[in-house]
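What follows is a set of notes on a single structure, which appears directly below.
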Amino acid sequence: MTGRPAGLSTCCCLKTIRGTRLPRQMLSEAGSLKTELTHHGSLQRALNHLATNVANIILPDLGLPDADGLGTVRKVHEVAASRCARCARQS
């Protein structure tokens, strides 16, 4: 056992897929760490994804058309925390 996480799942809530270039590059430089990056062009699509999937890293774009500044962070945290709590209860 190496002590490293099995992998990282990253959820990007960005206007365009081009915005994921830097996060993709940074994750690929992690070497042998398995990474998965998903892109969602709207906050609602990202929230739907987070309601059924666990993400280790969430990169929200506060300028999305359906985003609301810090309200966006609160919404993302609420949905992600709810998902994590459900996962913990199931194990």
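The numbers here are math on the coordinates, done by the rules we state, and not lab data. Everything numeric here is computed off the predicted structure, so don't read it as measured data. Positions of Cβ are backbone-derived with ideal geometry, glycine not excepted, and every protein chain shown enters the neighbour counts.
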Return a whole-number percent for the relative contact order of segment 7-90, with Cα pairs under 8 Å and 6 or more residues apart as the contact set. 36 percent
Farthest positive-ward along segment 7-90 dipole, Cα basis, beta-carbon charges - from VAL73, THR38, GLY7: GLY7
Net charge near THR10 (other residues with Cβ under 12 Å of its Cβ; Lys, Arg +1; Asp, Glu -1) is +1
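Given Cβ point charges of +1 (Lys, Arg) and -1 (Asp, Glu) and nothing else, what value in debye, to the nearest 20, does the dipole of segment 7-90 about its Cα centre take?
Numbers: 11 positive and 6 negative charges, 31 e Å.
In debye, rounded to 20, segment 7-90 gives about 160.
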Scattering profile of segment 7-90 at q = 0.12, 0.13 Å⁻¹ [log10 I(q)/I(0), Debye over alpha-carbon scatterers]: -0.35, -0.40
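For a footprinting-style exposure proxy, rank THR10, THR16, THR38 by other Cβ within 10 Å, fewest first. Present the calculation step by step, with values, prior to reporting the outcome.
Numbers: THR10 19, THR16 10, THR38 16.
Ordered from fewest to most neighbouring Cβ atoms within 10 Å, THR10, THR16, THR38 come out as THR16, THR38, THR10.
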